[in-house]
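Below: one structure, written as structure tokens.
The values are calculated or read from the model by the stated rules, or taken from the named source; none is laboratory data. Computed from a prediction, not measured in an experiment: that's the story for all the values here. Counting neighbours? That spans all protein chains shown, and the Cβs are built from the backbone with ideal geometry, glycine included. Accessible surface is based on the protein model in full, side chains and every heavy atom, while ligands, DNA and RNA are left aside. Shrake-Rupley method; radii C 1.70, N 1.55, O 1.52, S 1.80 Å.
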Amino acid sequence: MTGALDPFLTPIPAAEAGRVGEILAAQYGLAGSLVPLPGERDQNFLLDSTDGAFVVKVANPGEDGAAIDMEQAALEHLEQTGCNIPTPRVVRTIRGERSVPIDAGGAETTLRVRSFLTGEPIKDGSSPRRVGVLAADLQHGLAGFFHPAAGRPLLWDVRSLPLLGDLVELVPESELRSLVGGVLARVEEEVLPRLASFPAQVIHNDLNPANLLVDGSGDITGVIDFGDMLHAPRIADLGVAGSYQVYDDDDPTAPLAELVTGYLERIELRPEELEVLVDLVAGRLCQSVVIAHWRAQLHPDNAGYILSDAAAAARSLATIESSDRAALRAHLLRVAGVQGGPGAGLARRRDRSLGPGLGLSYRRPLRLHRGEGVWLFDDHGERYLDAYNNVVQLGHAHPAVVGAVRRQAARLNTNTRYLTDRPVDFAERLVGLLPEGLDVCYFTNSGSEANELALRIARAVTGRRGVIVSEHAYHGMTGLTAAISPEESRDPLEDWVATVPPPGESDPGDGIERAVAALEDGGHGPAALIYDTVFSSDGIFDPGGDFLNGSMAAVRSSGGLFIADEVQAGLGRVGQRMWGFAGSGSAPDIVTLGKPLGNGYPIGAVVTSRDIAAAFAAREHFFSTFGGSTVAAAAGAAVIEATLALRLPQRADRVGGYLSRRLTELAGRASQLREVRGAGLFVGVEVADGPLAEELVERMRDRHVLIGRTGPSGNVLKIRPPLVFEEAHADIVVAALEAALRGSPLPTRR
Ligand SMILES: Cc1ncc(COP(=O)(O)O)c(C=O)c1O
């Protein structure tokens, strides 16, 4: 991008006023007095003629000729589209050209002429709101404009900030130098990568007060100097404008908020654009400081003019950097109605519009904005390590699933009653992961629906109604599944539901025998025993082969089926064995799946044997409008493919084993931690009591590590991250838990 430096390296041209006058007369038919005007790169004159006042610009020879043409073309475009901002009118030559060649002290360059706009430069900070409105109006005017030179390299482009790295050392004051260096590093790392996806167009890119003219009553009479125009993220215009609204020690909140308010009167902004505005302002101030010092050294004779604004920019930069930038960002988001404090306004709206009882996670709820891999990002761009969401098996926004969903949704999305490849392909892949004999799939939209269907199948096939579950089970929110979820139930269980203890000391066969007897007392035979195979809501237990085999044998001997609810454990979370039930070495009668199957796309599945499916089909119908839809199946197949390709079950063993070992070590030092248990990347840490667990979860959240808790008394920390977790992430979890146990002060917010 060295071209960005060219116009700066070349001195301002020095065409003779006499020669300029001759050209004006011969080619434009204009005559009058010529008075030099200041300029950064061009040589400028004011032409006072009987036809009016004009600005004559002799271009810097280092300037790209195409860029000059763009400037002229843009002004003509604005004039033609009737933009309600007065801009200089392009004066063409008698022959209709936009510019003419001129020799400026031996250098070939061009001369062009524009009408002179009357008015005084707007006073610094006199009305940020008006500047915001103007920026938006100008963007409206330029929205349909393009020119090949709009993509040229330009040092004033915010995306050119990395080019300043080598020039920073030219800033003489060491404190300022390190301030600038720090901002550049931050903006380069955290902001520039985000800009690529922002709305972009040709923008003015130099909305500084010197370029905004007003009349005596303060009305805008014009915008001048389109020389830095380029195709860029539109928010960059506000970054530039904002950099001139921050003064010395004044709080920048009000002027920046006013600027945004003005802009929003005309054009909406996305939250992510608002989030980066403060950093764009800081970045622009760095440009002003560094470029001025560099140019002052290149052109010592013009140093006074060049450095005139640099000192002010340095003071503004110090002001921005010493302000609470997170609070400033939050304020701007609030101004835009995107956020109410830490989500306060949204929380109120949520309370009014979503059903009561649907609590938010964490005392300080998270206002999430996006997710990527194992990270979640809030409205301020703060990131949180997601050690809780097993739905996103492959990590948040995994491109394989996003791409599969996008492509399929664009082509065809319909139900399973047509001959389409996707559901069949998905079913074959899923069956391929399960033991022989589990060959037939039904697709639903959730884990609850999968369990509901599994219970209907078990009842239809056995001709009985009774269901046995673990004492604190959760299996879903539909009619039947809510009834077999003691964890959620406020009422006594129905007489067709009986419970057994989770894995522990006792023989599972004894519990099941008692449960069968209890069902029979109520007049029901057992249709099924259903286990969440990692006993998540019971407090997280890896049941082990003996427990599972004993349970299966007991329920089958009483004529019931065994349903493995793999909604939590399934698809590799518990490691290479792939399924929670797999420790038994034998196959369940029915397997249900949900959460991870679509990496966030809602998919549930029931897999059973051909015989059981046939017996069910003989008695009942099954159809789900959305279950197994073409898009759902594309997502599910992509999840399975990526799970295997990334060897996530193996990783769950490796990283889960590492996490458990490190937590066990910690438990050896911290008496509040009683036991670490679970399997693969489903880890439970039992602590002394529920209130302590709650406090630890909150303190970890404050340290930006997200976990949950479970168990009958809520005293088991639930760690269940996306399977793309690494050892380094496990280290973060352990460190956060250790700090949470000490209750040590929170790290200061960036
Ligand atoms: C073991 C188990 N089964 C079923 C469900 C219900 O799944 P869904 O919320 O997708 O309906 C859950 C949900 O947490 C679960 O943990």
- Can you grab the distance from the C-alpha centre of region 67-88 to the C-alpha centre of region 660-680, Å, no decimals? 68 Å
- Query: Mind listing the phi-derived Karplus ³J(HN,Hα) values for region 650-656, rounded to whole Hz, using 6.51, -1.76 and 1.60 with θ = phi - 60°, and x for any glycine or proline?
  - Reply: 4, 5, 4, 4, 5, 6, x
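Heavy atoms only, probe 1.4 Å: what % of the accessible area of region 29-75 goes to carbon and sulfur, would you let me know?
Carbon and sulfur: 56 percent of the exposed surface of region 29-75.
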- Item | Alpha-carbon centroid distance for the pair region 394-441 / region 354-370, whole angstrom | 31 Å
- Task: Check the straight Cα-Cα distances from Lys123 and name the lysines below 18 Å, setting aside those fewer than 8 residues away within the same chain.
- Result: none
- Message: Can you compute log10 of I(q)/I(0) for region 253-314 with the Debye formula, treating each Cα as one identical point scatterer, at q = 0.19 Å⁻¹?
- Response: -0.75
- Under 29 Å Cα-Cα from Lys718, which lysines qualify once same-chain neighbours fewer than 8 residues away are excluded? Lys595
- Estimated vicinal HN-Hα couplings, Hz - region 444-449 in sequence order (Karplus 6.51, -1.76, 1.60; Gly, Pro = x): 10, 10, 6, x, 4, 5
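Just add up the charged neighbours of Lys595: K/R +1, D/E -1, any other residue whose Cβ is under 13 Å from the Cβ of Lys595.
With Lys, Arg at +1 and Asp, Glu at -1, the neighbours total -2.
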- Message: What distance in nm separates the two pseudo spin-label positions at His140 and Gln672, each 7 Å out from Cα along the beta-carbon direction?
- Response: 5.7 nm
- Note on the structure: Averaged per residue, the 1.4 Å probe accessible area of the chain, protein heavy atoms only, in Å², is roughly 41 Å²
- Once the other residues with Cβ under 11 Å from the Cβ of Gly523 are scored (Lys, Arg +1; Asp, Glu -1), what is the net sum? -1
- Query: Which of the chymotrypsin sites (Phe, Trp or Tyr not before Pro) found in region 517-618 are in a DSSP loop and have at most 13 neighbouring Cβ atoms, other than their own, within 10 Å?
  - Reply: none
- Query: Roughly what % antiparallel, to the nearest 5, for the DSSP beta bridges in the chain?
  - Reply: 80 percent
- Computed FRET efficiency, Cβ-Cβ of Glu22 and Glu189, R0 60 Å: what is it to the nearest 0.05? 0.65
- Query: Once a ≥ b ≥ c are taken as the square roots of the eigenvalues of the Cα gyration tensor of region 391-436, is the result rounded (a/c under 1.5), prolate (a/b larger than b/c) or oblate (a/b not larger than b/c)?
  - Reply: oblate
- Message: How charged is the neighbourhood of Gly39? Take every other residue with its Cβ under 11 Å from the Cβ of Gly39, and add Lys/Arg as +1 and Asp/Glu as -1.
- Response: -1
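Would you mind telling me the share, in percent, of accessible area of region 626-729 contributed by carbon and sulfur at probe 1.4 angstrom?
Details: 1700 of 3520 Å².
About 48 percent, which is the carbon plus sulfur part of the accessible surface.
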- Most packed first (mean Cβ within 10 Å per residue), the peptides 151-158, 592-599, 719-726 order as 592-599, 719-726, 151-158
- Task: List the residues whose amide H sits under 5 Å from the amide H of Val91, counting only those 5 or more places along or on another chain, with H placed 1.01 Å from N in the peptide plane.
- Result: Val113, Arg114, Ser115
- Item | Mean projected area (nm²) of the alpha-carbon convex hull when the chain is viewed from all directions | 38.7 nm²
- Nearest 5 is fine: what % of DSSP beta bridges in region 509-623 come out antiparallel, could you say? 30 percent
- Taking the Cα atoms of region 523-656 alone, what are Rg (to one decimal) and Dmax (as a whole number) in Å? 15.9, 50
- Taking alpha-carbon centroids only, region 120-197 lies from region 458-497 a number of Å equal to 61 Å
- Task: Using a Förster distance of 56 angstrom, determine the FRET efficiency expected from the C-beta separation of Arg610 and Asp731, and round it to 0.05.
- Result: 0.75
- Message: Taking a ≥ b ≥ c as the square roots of the Cα gyration tensor eigenvalues, with a/c under 1.5 meaning rounded and otherwise prolate when a/b beats b/c, else oblate, which class fits region 14-126?
- Response: rounded
- Based on the mean of other beta carbon atoms within 10 Å per residue, what is the order of 620-630, 354-364, most packed first? 620-630, 354-364
- Share of carbon and sulfur in the accessible heavy-atom surface of region 322-470 [1.4 Å probe, %]: 51 percent
